[in-house]
Amino acid sequence: MQNSSEVQSAVTALKKRLSLSEKAPFSQAAHVGLILGTGLSGLVAALHDVVRVPYAELPHFPVSTVDSHAGVFVRGLLEGVPVLVQQGRCHLYEGFSPAQVCMGVRVMAGMGVDTLIITNAAGALNPQFDAGTLMCMTDQINFTGRTPLAGPNVDEWGPRFPDMSCIFDPALRALALDSAARLGIRLERGVYIGVHGPQMESPAETRMFRQWGADAVGMSTVLEVLAARHLGMRVLGISCLSNKNLPDCMQPAPLEEVIAVASRAGRQLERLLMDMVTKL
Ligand code: HPA
């Protein structure tokens, strides 16, 4: 469903909270938005003039039940560039609807964000990709069985049948690859498949996903990307590969390990984003 009146009231509340803050005179709207996934909150420490607004203070805004997801909007300056950060997200596997999962993206658009960088922790399906490295998403497969675009269309947001022939912005991808090469950061390129979760994949499922052309698998991102493209935002997707997911030698990937390895990759992601942000 497309919950435009709920989104509008959250936008109004967020604008009010930010304008009440003495800390930062936000004359300039942030046009860059960031969604930080599991274990990737470290970037917030690099922001200046920070104002935090917990999701719980915004009407209708869903609050994640997962410990590793903070649940705050953070407005601040990254290398002098105003950014709006969603620190923590909601997932389908928690029982949230697609509209709730995508509320952050739609609120960001309402706040003036037109360039969105979506991050996540993901399992590597491509045997050549190592845990602890980053992957720039070249395309996605939505295998959740859900979409945030069902129901009556909100024409002010976007068209009934949004095009998905080029989901991730080629110029943003080129910028990310260029920054990574200059900084000596390994940045793989590949297709992300989004699953519903919360169960991890069986060997037969990972074999199938790999045969379908996916390079990494995770339980987030795909619906947010669909909502963002519907809204006409430019999108960049970066996965932190937290574990290898290979059908013939599968290992359990406990959450603690996923968080620890994703945070390690997250430090490289921070360097990458700090380098890119002034060029967006
Ligand atoms: N599968 C699904 N989601 C994930 C994984 C995985 O292997 N790793 C991190 N998130």
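What follows is calculated from the coordinates using simple rules that are stated; it is not laboratory data. Values in this document were obtained by computation on a predicted structure and should not be read as measured data. FYI the Cβ positions are ideal-geometry reconstructions off the backbone, even for glycines, and counts take in every protein chain you see.
A cut-off of 5 Å between modelled amide H atoms, ignoring neighbours fewer than 5 places along the same chain, links Glu188 with Leu134, Met135, Cys136. Can you work out the PRE-style zone for Met208? Point 7 Å along Cα to Cβ, and I want the residues of region 131-168 with backbone N under 19 Å. Under 19 Å, as judged by backbone N against the label point of Met208, lie 140-147 of region 131-168. Working note: Karplus 6.51/-1.76/1.60 with θ = phi - 60° gives region 96-101 the couplings 6, 7, x, 5, 5, 4 Hz, where Gly and Pro are set to x.
Grab the other residues whose beta carbon is less than 12 angstrom from that of Ile167, score K and R as +1, D and E as -1, and report the net. That sum, taken over residues with Cβ under 12 Å, equals -1. Per-residue extension of 0.36 nm, minus the Cα-Cα distance of Ser97 and Asp248, leaves a gain of 51.0 nm for this segment.
For the chain, the alpha carbon convex hull comes to 115 Å³ per residue, rounded to a whole number. Computed over region 4-277, relative contact order equals 25 percent, with contacts defined as Cα pairs under 8 Å that lie 6+ residues apart. Across region 174-190, rounded Karplus estimates of 3J(HN,Hα) from the backbone phi angles (6.51 cos²θ - 1.76 cosθ + 1.60, θ = phi - 60°) give 5, 4, 5, 5, 5, 4, 4, 5, 5, 8, x, 9, 6, 10, 6, 10, x Hz, Gly and Pro being marked x.
Rounded to the nearest whole Hz, the Karplus-based 3J(HN,Hα) values (6.51 cos²θ - 1.76 cosθ + 1.60, θ = phi - 60°) of region 146-153 follow the sequence 10, 8, x, 9, 6, x, x, 7, with x at glycine and proline.
Anyone know which of Ser165, Ser263, Ser242 comes out most mobile in the 10 Å Cα GNM of the chain? Its mean-square fluctuation being the largest, the pick is Ser165. Extending 7 Å from the Cα toward the beta-carbon at both Gln8 and Leu255 defines two label points whose distance is 3.7 nm. Figure legend: label point modelled 7 angstrom from the Cα of Ala29 along Cα→Cβ; residues of region 221-235 with amide N under 16 Å from it are 231-234. Between Thr278 and Arg189, the FRET efficiency from the beta-carbon distance, with R0 = 35 Å, is close to 0.95. Magnitude of the charge dipole for region 187-266, about its Cα centre and with charges confined to Cβ atoms of Lys, Arg (+1) and Asp, Glu (-1), is about 300 debye. For the pair Ala171 and His48, a Förster radius of 22 Å applied to the C-beta separation gives a FRET efficiency near 0.25, rounded to the nearest 0.05. Spatially, region 124-150 and region 222-273 are offset by 8 Å when compared through their Cα centroids. Near Ala121, the amide H atoms lying under 5 Å from its own belong to Thr38, Cys240; only residues 5 or more places off or on other chains count, and H is placed 1.01 Å from N. For the chain, modelled as a GNM whose springs connect Cα atoms under 10 angstrom apart, the maximal fluctuation among Val85, Val11, Val154 occurs at Val154.
Largest mean-square fluctuation among Ala214, Ala176, Ala56, in a Gaussian network model of the chain whose springs join Cα atoms under 10 Å apart, belongs to Ala56.
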